[in-house]
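Sending over a structure as structure tokens; questions will come in a sec.
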Amino acid sequence: MEKYQYVLAMLFAVKEINANPLLIPNVTLGYEVYDTCYSDLAAIDSVMYYLSGNQSKVPNYSCRTTPPKLSAVVGDSPSSGSVAIARILGLTYFPQISYASALPSLADKTQFPSFVRTVETVDSQPVAVVQMIKHFNWSWVGILSSNNDYGDQGSLKLKVEMAKNGICVAFAKTLSTPPSKESLDIIITSIQKTKTNVIVLYAYATELIAFFQAINAAKISGKIWIAVGSWLPSAVFTQKDLWAVLNGTLGLAKYSSNIPGFKDFLYSIDPAKYPNDIFIKEFWEQVFPCKWKENYVGNITNATNVSWCTGKENLTEVDNSVYDTTNFRLSVSVYNAVYAVAQALHNMLACQGGSGPFSNGTCANVKSFQPWQLFHYIKIVHFLNSAGERVAFDEKGELKGLYDVLNWQMTQDLKGGLVNVGIFDDWGPNGEKLILNEKEIIWGENYKKVPPSVCCDSCRPGFWKAPREGQPFCCYDCHPCSDGEISNQTDTTDCMRCPEDQWSNEDRIKCIPKVVEFLSYGEPLGIALSTITSACSLLTISVLCIFIRFRDTPLVKANNRSLSYLLLVALLFCFLCSFLFIGRPSIITCLIRQAVFGTIFSLCVSCIFAKTITVVIAFSATKPNSSLRKWVGSSIPNSMIFTGSSIQSVICISWVLMYPSSPDLNMKATKGVITVECKDGSITFFYIMLGFLGCLALLTLVIAFLARNLPDGFNETKFITFSMLVFTSVWISFIPAYVSTKGKYMVAVEIFAILSSTLGLICCIFAPKCHIIILKPHMNTKEYLISKSQVGKKT
């Protein structure tokens, strides 16, 4: 029925052209119709007869002796038929205009030099399909193609176009011709296994009926079929048992322009009007439930239940599903093909001698032209048909694509129909070629909105796509961005690093300013350390007050009370120097804190060393003929204190002068934090300072340990030994702890070492004395100390 409409379109165009006095005036256009029956062999046979003009086909020779002159071939419809005859017609550049063949290779002018077509360029079909896929954000799409040149070449172009636009092929299968059960089973299995909901079908309608029947039998639903112009619309949609499977199908069909007067012409035909039409009676029997008596096989007198055709039946009463007078898609292509020939003849007729396109400016004679001369005019025609549609061929003999986007919709009352939901215009600018009305699209029973078709769900902001090894790039895993990196878009392939002074928020979607960190007085750790420092300072002041209050008692006088006062003052400053490490570092605190810490602690250890030497000298001087008697006095301890403190002072002053410390913003110490710290100019000087302090402490420990058993009323070396053990243990533990911490906790470790070592000194040296002075005053007498000293000597 559809093919007969093409014949009528040609007849209508010829009648219009011949009735138009302005187009090829004084020339009557005629035609001959051949039915190739979808057979390549029949197509070749027809064109050989057409060219020879005789029942006996004579290749490359015309047996016609009189006009009419055959000008061009309009056809064939199937691409395979067009290929077969185009190879013959191309030998003599005989013009061929196809109205339906969409095989990509037919654009090859080397193989098919005289072939053009009024169906849109096949290059635009893959572009239109991919634009549609991109519009709906589908990235995981299956392809099913027929096992012929059309399917192979079309699917190949589609894959190339998909790759350009970041769309992956979930699977690509070939539909055998004719489809076998085994091949269909393989395809059905692939469709059942895949996650894709969208499948593009690059095949002919005759091949797809069996495929959709197999889909229906396998009860596969929820798939959106994308149809190219070869099968939408087609006989596939006349199978009512397939309507549910096809529900939601989207596809491209040639733009349906309304040829003025064509619909009325379709209704006006009848057998009486066209008695020489060999197809019209067969058409009449198919449209109306009747039989022509002359065509009836059987006994007419016994055919009581047969309705006989009269030729008076009214075509306007026939349903559009039987006789479609609204869809002129390929009929318009036939109409344009006939007009292209007429326009070429008209231009040939209008040629002026001396300005013609051929050698020496000659023109072709419209009554005796060569095929290649007419083809020259055909390939350069440019006109608007009566519906306002542009007809112009490019250098490959192609028309730019102009497609309707159709959606097959099945209503609740089980009626189906194709609804126009958009248009693709290849003449349009980039980004504006596809126009869709999404509200009009129905996606079938399974979906209320656009169905997804992706290999993996989108990676939301804060994550990045990590490709899966051995799989297409559309398949990936979503990994969260690393610390300090963000992604603020969906499906990003990499995370962006935040500026140095910023950090990623918890969701990794934006950069936020880093927290400025230092050991402040307002935080719990700072409060705790400052409280302990204050308490220890008060404790030291209390001990000093006790020693001053009881300065004339034997116990205070026994161990050089001036050294004890100096040591207590030094210990007080040791505690107080912790405050230099708490709070936001400034230029002054950074410059002096390590120097102050080193100098004061050296003073403390020097005082303890001096006290130890004093005890040793004092005991040794009591021996008869001792050479140490001349060293008894304050000069030796004072010189030791001065020497120890001076050496450390020189080290610290050199450090400050050569490598002054200053406040610095450390971006890398702690994740997401800017640590305000003092940048020490030289870590070497820091360890030199600690090394000298350690050597002084070890020397004091050794001497105190060796003198621990000296008989004395109150041998202080025992307590000095314990104090040095505590002191050295704290600072030996400090170094690895200091190195392994970062940020404000590094400062906290140093403060803890200062407090614990200082507290160890004051507790080990002065706590026993305070215990006796306050709680056991009877032991703080000269007699008690002398008796104890004598007991020690006897022992």
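To keep it simple, each residue is scored yes or no on (1) over 38 Å from the mean Cα position of the chain (by Cα); (2) assigned to a helix (DSSP H, G or I).
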residue	(1), (2)
Ser221	no, no
Trp231	no, no
Ser256	yes, no
Lys263	yes, yes
Ile278	yes, no
Phe283	yes, yes
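Further question on the same structure: Could you grab me the full set of residues in the range 287-316 that are within 60 Å of the chain's Cα centre (by Cα) and modelled with pLDDT under 85?
Once the filter is applied, which keeps residues that are within 60 Å of the chain's Cα centre (by Cα) and modelled with pLDDT under 85, the range 287-316 yields nothing.
Got a number for residues in the range 376-405 being assigned to a loop (DSSP other than H, G, I, E, B), aliphatic (A, V, I, L, M) and either over 17 Å from Val119 (Cα atoms) or open to solvent by 20 Å² or more (accessible area, probe 1.4 Å) (or both)?
Residues flagged as assigned to a loop (DSSP other than H, G, I, E, B), aliphatic (A, V, I, L, M) and either over 17 Å from Val119 (Cα atoms) or open to solvent by 20 Å² or more (accessible area, probe 1.4 Å) (or both) within the range 376-405 amount to 2.
Let me ask something additional. I need a count of the residues in the range 406-422 that are outside any loop (DSSP other than H, G, I, E, B) and either surrounded by fewer than 19 Cβ atoms within 10 Å (Cβ to Cβ) or in contact with a helix residue (DSSP H, G or I) (Cβ under 8 Å, 6 or more places away or on another chain) (or both).
Of the residues in that region, 9 qualify.
Let me ask something additional. Looking at the range 581-601 only, could you name the residues that are in contact with a Pro (Cβ under 6 Å, 6 or more places away or on another chain) and more than 27 Å from Leu566 (Cα to Cα)?
The one that is in contact with a Pro (Cβ under 6 Å, 6 or more places away or on another chain) and more than 27 Å from Leu566 (Cα to Cα): Pro585.
Residue-wise test of (1) open to solvent by 40 Å² or more (accessible area, probe 1.4 Å); (2) at pLDDT 85 or above.
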| residue | (1), (2) |
| --- | --- |
| Cys678 | no, yes |
| Ser682 | no, no |
| Tyr687 | yes, yes |
| Gly691 | no, yes |
| Ala697 | no, yes |
| Phe705 | yes, no |
| Asp712 | yes, no |
| Asn715 | no, no |
| Leu725 | yes, yes |
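When both residues are 6+ apart or on different chains and their Cβ atoms are under 9 Å apart, which pairs have a first residue that lies in the range 427-451 and is free of Cβ contacts under 8 Å to residues at least 60 places away in the same chain, and a second that is open to solvent by 90 Å² or more (accessible area, probe 1.4 Å) and among the aliphatic types (A, V, I, L, M)?
Going by the 9 Å Cβ cut-off, the qualifying pairs are Gly428/Ile435.
Quick one: which of Ile167, Ile191 is touching a Cys at 6+ places or on another chain (Cβ under 9 Å), over 30 Å from Ser39 (Cβ atoms) and buried (at least 16 other Cβ atoms within 10 Å of the Cβ)?
One residue alone meets the criteria, Ile167.
Now for a different question. Under 7 Å by Cβ, and 6 or more places apart or on different chains, what pairs join a residue from the range 191-212 that is part of a strand (DSSP E or B) with one that is of a type in the set (Ser, Thr, Tyr) and crowded, with 23+ Cβ neighbours inside 10 Å?
Val198/Ser453; Tyr202/Ser145; Tyr202/Ser146; Tyr202/Ser155
Given the options Lys240, Lys254, Lys223, name the one that is out of contact with any helix residue (DSSP H, G or I) (no Cβ under 6 Å at 6 or more places or on another chain) and touching a residue at least 40 places away in the same chain (Cβ under 8 Å).
Going through Lys240, Lys254, Lys223 in turn, just one is out of contact with any helix residue (DSSP H, G or I) (no Cβ under 6 Å at 6 or more places or on another chain) and touching a residue at least 40 places away in the same chain (Cβ under 8 Å): Lys240.
Suppose we filter Tyr61, Tyr31, Tyr50 for residues that are of a type outside the set (Val, Ile, Thr) and at pLDDT below 65; which single one remains?
The conditions single out Tyr61.
With the range 469-577 as the region, which strands (runs of 3 or more DSSP E) entirely inside it contain at least 1 residues that are in contact with a Gly (Cβ under 8 Å, 6 or more places away or on another chain) and buried (at least 18 other Cβ atoms within 10 Å of the Cβ)?
502-504, 515-517
So, in the range 20-42, how many residues would count as being open to solvent by 80 Å² or more (accessible area, probe 1.4 Å) and part of a helix (DSSP H, G or I)?
Total meeting the criteria: 1.
Follow-up. Within the range 335-348, identify whether any single residue is over 16 Å from Lys3 (Cα atoms) and over 60 Å from the mean Cα position of the chain (by Cα), and answer yes or no.
For the range 335-348, residues over 16 Å from Lys3 (Cα atoms) and over 60 Å from the mean Cα position of the chain (by Cα): absent.
Continuing with the same structure: Which residue pairs have Cβ atoms under 9 Å apart, sit 6 or more places apart or on different chains, and have a first residue in the range 532-557 that is in contact (Cβ under 8 Å) with a residue 60 or more places away in the chain and a second that is open to solvent by 40 Å² or more (accessible area, probe 1.4 Å) and not in a helix (DSSP H, G or I)?
Thr553/Thr781; Pro554/Thr781; Leu555/Thr781; Val556/Phe550
Also: Are any residues in the range 429-481 over 15 Å from Ile224 (Cα atoms) and either modelled with pLDDT under 85 or among the small types (Gly, Ala, Ser) (or both), and if so, which ones?
Those that are over 15 Å from Ile224 (Cα atoms) and either modelled with pLDDT under 85 or among the small types (Gly, Ala, Ser) (or both): Pro429, Asn430, Gly431, Glu432, Ser458, Gly462, Ala466, Gly470.
Given the criteria among the hydroxyl-bearing types (Ser, Thr, Tyr) and either free of Cβ contacts under 8 Å to residues at least 24 places away in the same chain or surrounded by fewer than 19 Cβ atoms within 10 Å (Cβ to Cβ) (or both), does Thr110 qualify?
So Thr110 fits the description; yes.
Further, regarding this structure: Please list, ordered by first then second residue, the pairs with beta carbon atoms under 6 Å, 6 or more apart or interchain, first in the range 148-162 and within 16 Å of Trp231 (Cα to Cα) and open to solvent by less than 40 Å² (accessible area, probe 1.4 Å), second in a helix (DSSP H, G or I) and not charged (D, E, K, R).
Close Cβ pairs satisfying both conditions: Tyr150/Ser79.
Also: Does Asn216 satisfy the condition of being polar (S, T, N, Q) and either open to solvent by less than 10 Å² (accessible area, probe 1.4 Å) or in contact (Cβ under 8 Å) with a residue 40 or more places away in the chain (or both)?
Answer is no for this residue.
Pairs, please: C-beta under 9 Å, at least 6 apart or cross-chain, first residue among the aliphatic types (A, V, I, L, M) and in the range 474-502, second open to solvent by 80 Å² or more (accessible area, probe 1.4 Å) and outside any strand (DSSP E or B)?
Listed pairs, sorted by first residue: Ile486/Asp507; Ile486/Lys510; Met496/Asn488.
Now for a separate question. Which residue pairs have Cβ atoms under 6 Å apart, sit 6 or more places apart or on different chains, and have a first residue in the range 452-468 that is touching a residue at least 12 places away in the same chain (Cβ under 8 Å) and closer than 14 Å to Gly166 by Cα and a second that is of a type in the set (A, V, I, L, M, F, W, C) and not in a loop (DSSP other than H, G, I, E, B)?
Final answer for the pair search is Ser453/Trp140; Ser453/Val198; Val454/Trp140; Cys455/Trp140.
The values are calculated or read from the model by the stated rules, or taken from the named source; none is laboratory data. Worth saying up front: this structure is predicted, and the values here are computed from it rather than measured. In this analysis, Cβ positions are derived from the backbone assuming ideal geometry, glycine residues included, and neighbour counts consider all displayed protein chains. Ligands, DNA and RNA are stripped out before the accessible areas are found, and what is left, the full protein with its side chains, is counted by its heavy atoms. Shrake-Rupley method; radii C 1.70, N 1.55, O 1.52, S 1.80 Å.
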